[in-house]
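Structure record follows, encoded as structure tokens.
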Amino acid sequence: MSTHITVLSWNFENNGGGDSVKRLQAHERLVSLSPHLVFRQEMWRADADGNAILYELEGVLGMRGWLGPESCTAVFADPRFLQPVREWPKPAPMWVLPPTALTMRYLPAGSEATPLALASYHLNYASSTNRVAEAEWLSTWADKKWTSPQGETVRMPCLVAGDNNSYPVPGTEGDPALPVLDEIKDRPHRLHRSFIGPDGTRVMDTRPDEALRTAGLEDVARHWSAKHGDKAAVSRTVNACETHGPDSRIDRLYATTDLLDAVTDVDVIEVPEELSDHHIVRVTLDGDRLSDVLNQQPSALESLVAP
């Protein structure tokens, strides 16, 4: 029987804001979903006192954790299934909230399988210009290389997830509609979530989504919803509020196309607003299919050698 691999992405607001009881409650909520891989954002102060909060959360989750630069993001993985191969440094100086990025081996696929490139990210809150640059740099994890045991260099499958602080390009049935700029009551937030379009008018920011999908990283929820007609996959991840506008799908998980066949479900787990201002995105993978993808012959993967 195939193992189902559960992947979660969650921006837990302010890492509980120093409230240890709230932090415990939040991560017990994650435990109840039996994850194998967790992408976390807003890991504030998890590095204090020698990473004390990081290790506390490792104990709660029963997973190993990696904290990114400046304690902004983190990745947690079940060591029975995922083993680190290497960590990647902060990719460029313009990142305000740097990602946590690793190369990890999926152990059930075997020692000769191609590893996965993984990153938990949080795009800039206030600057659409900066977000585009961050998304462009994020795309470099879809271009990480691995040398197979046969000596052939291939691109690794890639999975990245996080808070985009921007919107998906419209076109998927069931996706929350883009906000209407003038209906956002918070004037600075109008600026934060928009940019000046080619015709000189200000439009809502969908550029990070377009950039990542141009680079071959597919919005997994969008793909699943379009393929299966499952509108639950594109449910809101942030609730409507008076100042910031309507329900939005700000949190997304992207994967290279080779991983899409392993996806067996996508949904959003809603959490109470008093716990966090973002909901949890869940993607389920078929473990056997994932192993098959990672064990393709090098000639079947995208090689560096030009045709």
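Worth a mention:
- DSSP-defined beta bridges in region 1-113 - what % are antiparallel, rounded to 5: 75 percent
- Per residue solvent-accessible surface (Å²) - region 190-307, probe of 1.4 Å: 45 Å²
- Annotation: per residue accessible area for region 116-164 equals 31 Å², rounded to a whole number [probe 1.4 Å, protein chains only].
- The per residue volume of the convex hull around the alpha-carbon atoms of the chain is 143 Å³.
- Area accessible to solvent at residue 203, 1.4 Å probe radius, in Å²: 50 Å²
- Once the gyration tensor of the Cα atoms in region 1-53 is diagonalised, the equivalent ellipsoid follows with semi-axes of 24, 12, 10 Å, ordered largest first.
- Eligible lysines near residue 144 by straight Cα distance, threshold 24 Å, same-chain separation 8 or greater: 90
- Against the empirical 2.2 N^0.38 Å (N residues), region 149-307 has a Cα radius of gyration ratio of 1.20.
- Taken about its Cα centre, region 10-67 carries a charge dipole of about 140 debye when Lys and Arg each add +1 at the Cβ and Asp and Glu each add -1 at the Cβ.
- About the Cα centre, charge dipole magnitude for the chain (Lys/Arg +1, Asp/Glu -1 at Cβ), debye: 440 debye
- Peptides 19-26, 104-111 ranked from most to least packed give 104-111, 19-26, packing being the mean of other C-beta atoms within 10 angstrom over each peptide's residues.
- Solvent-accessible area, 1.4 Å probe, carbon plus sulfur percent, for the chain: 50 percent
The values are calculated or read from the model by the stated rules, or taken from the named source; none is laboratory data. Computed from a prediction, not measured in an experiment: that's the story for all the values here. When we count neighbours, we look across all protein chains shown, and the Cβ atoms used for this are built from the backbone with ideal geometry, even at glycine. Areas reflect the complete protein model, heavy atoms only, side chains present, ligands, DNA and RNA absent. Shrake-Rupley method; radii C 1.70, N 1.55, O 1.52, S 1.80 Å.
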